[in-house]
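Visitor: Please see the structure below; I have some questions.
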Amino acid sequence: TGLRTLMIRLFPEGVKESIGAGVGLFLCFIAFQSSEGMGLSVADPATLVTLNSLSPSNYDSAKLWLSIAVLCVTATLFAAKVPGAPLMGILFGTAVCWIEGFCRGTEHSVFGYPFGTNGDRSAEDFKIYVPTSIIGSPSLDGLSGALWEGFGAASDPATAATFWTAVATFCYTDLLDSSGTFFAVAKVAGLTDRRGNLPLARQNMAYLADAIAALFGSMLGVSTVATFAESTAGVADGAKTGLASLTTGVCFLLAIPIAPVVSAVPPLASGPILCLLGALMCSSVRGIDWDDFQESMPAFVAMVTMPYTFSIGYGIIAGLILWIAIQILLAPLRICRKEDPFVKFKALWAGVFVEGMESDSEISLSEMDTDLPSTSEGQSEP
């Protein structure tokens, strides 16, 4: 219906510009954690989080130091503009982890997971990341089962309220998360036009593909099929046409029979890559007019709320609420000054359909750039 396209074009300029940086900080926060990252930050009762110990007396320090090595190597490859730098970093960390695991075995490996077990091999879920086999038989058990169970929960009076509340929550969360991720990744790729928007037709098709994938994924009862900010890894190497996405899909398909090998990639190898991708996405803050507090303060709140609440959607909502509150509270002052109290709202609505009246031929690749113009420049254009 184009509702998502309309919604994101109604975002204030500052909030829109901050989405990429917020997603980047969100990725960095994930990279610092121990579940799927480097494990540099751990829980602390006084400060909530603190730096994990790098001392040799800490069993987890070996994983931390190898993660830092992967981070440094990959950052150096990025700086040298080596194509495929993220993949090389992952291969480096994985190779070191596998070689150590094969040579020393589970009993003597210093790269045992999860974090916090202190090397206790009897701990629940203790393991080392090495391939146990090369070929695995895929299992299709449980596919579509969630669909029929969901119909029952939706119609049962005892569970209907809980079911539809969950559906609504997942709906708006996925709506905001994927919309924000689309815009952030497209901005890093330089696919936004001079007004900071994606062309209407292309944006609608992208959202349609995301919606169809989420629908069929939920019907099959698999993990959420959504748009992920990790797509920045491909964008960093120049992916823009969609061919990289098709290649990634084919690689996922080919990885099914060799799942034991693919699943043995350790978090210490992939976590540092997430951190560096976050750095790439933070470049969007250059488009924020920090001297305009009406835009910069909601942008900042949106940006920091994403990692602090562990949700892209909550960050966008926080920024929008603050921006709307500022405009409403400024209305009496503008009236006293004989100004239009809703000038900002009108400016947003006036710019929603402007780019849609331009043909795709008018938006050449030379006009696409990750450095977006300021709000004042965008409003001065016809």
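Visitor: Looking at the stretch 213-226, I want the residues that are in contact (Cβ under 8 Å) with a residue 40 or more places away in the chain and have a partner that is of a type in the set (Asp, Glu) with Cβ atoms under 9 Å, at least 6 apart or on another chain. Which pairs are those?
Guide: Every condition considered, the pairs that remain are 214/174; 221/149; 224/174; 226/174; 226/177; 226/210.
Visitor: Within the stretch 236-243, is even one residue of a type in the set (Ser, Thr, Tyr) and either at pLDDT 80 or above or surrounded by 15 or more Cβ atoms within 10 Å (Cβ to Cβ) (or both)?
Guide: The answer is no; no qualifying residue exists.
Visitor: If you go through the stretch 76-97 one residue at a time, how many are among the hydroxyl-bearing types (Ser, Thr, Tyr) and open to solvent by 50 Å² or more (accessible area, probe 1.4 Å)?
Guide: Number of matching residues: 1.
Visitor: Next up: Can you name every residue in the stretch 268-292 that is open to solvent by 50 Å² or more (accessible area, probe 1.4 Å) and either in contact (Cβ under 8 Å) with a residue 24 or more places away in the chain or closer than 14 Å to residue 235 by Cα (or both)?
Guide: 279, 280, 286, 289
Visitor: Another question about this same structure. Taking the conditions exactly as written (among the β-branched types (Val, Ile, Thr), open to solvent by 40 Å² or more (accessible area, probe 1.4 Å), without any contact (Cβ under 8 Å) to a residue 12 or more places away in the chain and part of a helix (DSSP H, G or I)), does residue 247 satisfy them or not?
Guide: When the stated conditions are applied, residue 247 passes them.
Visitor: Identify the residue in the stretch 1-58 that is touching a Gly at 6+ places or on another chain (Cβ under 6 Å) and closer than 27 Å to residue 109 by Cβ and, among all such residues, is most open to solvent (accessible area, probe 1.4 Å).
Guide: 30
Visitor: Something else: Just one of (1) aliphatic (A, V, I, L, M); (2) surrounded by 15 or more Cβ atoms within 10 Å (Cβ to Cβ); (3) assigned to a helix (DSSP H, G or I) trips up residue 253, so point out which.
Guide: It fails just one condition, (2).
Visitor: Scan the stretch 98-123 residue by residue and report those that are surrounded by 12 or more Cβ atoms within 10 Å (Cβ to Cβ) and assigned to a loop (DSSP other than H, G, I, E, B).
Guide: Correct list: 109, 110, 111, 112, 114, 115, 116, 117, 119, 121, 123.
Visitor: For the stretch 232-263, give me each residue that is within 24 Å of residue 132 (Cα to Cα) and among the small types (Gly, Ala, Ser).
Guide: Across the stretch 232-263, the qualifying residues are 255, 259, 263.
The values are calculated or read from the model by the stated rules, or taken from the named source; none is laboratory data. None of these values were measured; they are calculated from a predicted model. Cβ sites come from the backbone with ideal geometry, for glycine too, and all protein chains shown count toward neighbours. Areas reflect the complete protein model, heavy atoms only, side chains present, ligands, DNA and RNA absent. Shrake-Rupley method; radii C 1.70, N 1.55, O 1.52, S 1.80 Å.
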